[in-house]
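Here the structure comes first, spelled out in structure tokens, and everything after it is commentary.
Every number here is computed from the coordinates shown, using simple stated rules; none is lab data. Everything numeric here is computed off the predicted structure, so don't read it as measured data. With ideal geometry, Cβ positions are generated from the backbone for all residues, glycine too; neighbour counts draw on all protein chains shown.
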Amino acid sequence: MVPFELPWYQMELRSRSDIFILRKPSLLIDQLHFRGPRYDRLKIRAQGDSIMNRIGHHATGAISGIGVATYLGLLQPDSLLAGGICVLAGWHGGVFPDAVEHIRGRYWITHRTVTHWVPLWVALAVWLLMNPYSGSLPYAELSYPSLLGFAIGGLTHLVFDWPNPTGIPWIHPWKRHSLRLWKSGRADLLLVVLWGAAISSVTITQA
Ligand SMILES: [Zn+2]
């Protein structure tokens, strides 16, 4: 077979037991065939190299952080530190479920399983909302907004993963459900605009 270059930004290799994620600007396809019979059910999924594909979760997470900072009344001159930390934490929560799954290009947690498990994130968010500035949190003035921003950022990530084909685990951490509305990354720009508009309208009304 004549090797040819795949101009893909990211490839996911799945076998029965492993998932590798390769992040290379290009890859010779015949290298994949040398990986042998373990990969007989090899599935290659290309992900688009669009800017939105990479920044979708970053942007929606940060927007969620702004929403949480607004909800907590932190977008004021005298609470800028707590507000800023809250926005940063929302941003981090927005990318955390995917980022924590792989180290140096290799998955150590199966993609979209326990890191995307809805009950875990809902439990964290509900506990925080029911125990505002809980005394059990050290430095609650800063840790509470950052934890709530992180939790809501993470939930936003799950909500925006739900419509694409892989879906997210709702009840069992290894069984996913998908709304099957669009492929990953296809509607990111629309989602960022809609989410930004929703949060900024609330922020402006409360200002
Ligand atoms: Zn995800």
Hz values of 3J(HN,Hα) by residue in the range 125-134 - Karplus curve (6.51, -1.76, 1.60), Gly and Pro given as x = 5, 5, 4, 5, 5, 7, 10, x, 6, 3
Amide N proximity, the range 193-207 versus Leu179 label position 7 Å along Cα-to-Cβ, cut-off under 20 Å = 193-202
Which residues qualify? For His177, with a placed amide H closer than 5 Å and at least 5 residues away or on another chain, they are Ile168, Trp170
5 Å binning of all Cα-Cα separations within the range 51-206, expressed as whole percents from 0 upward = 2, 10, 17, 21, 20, 15, 9, 5, 1, 0
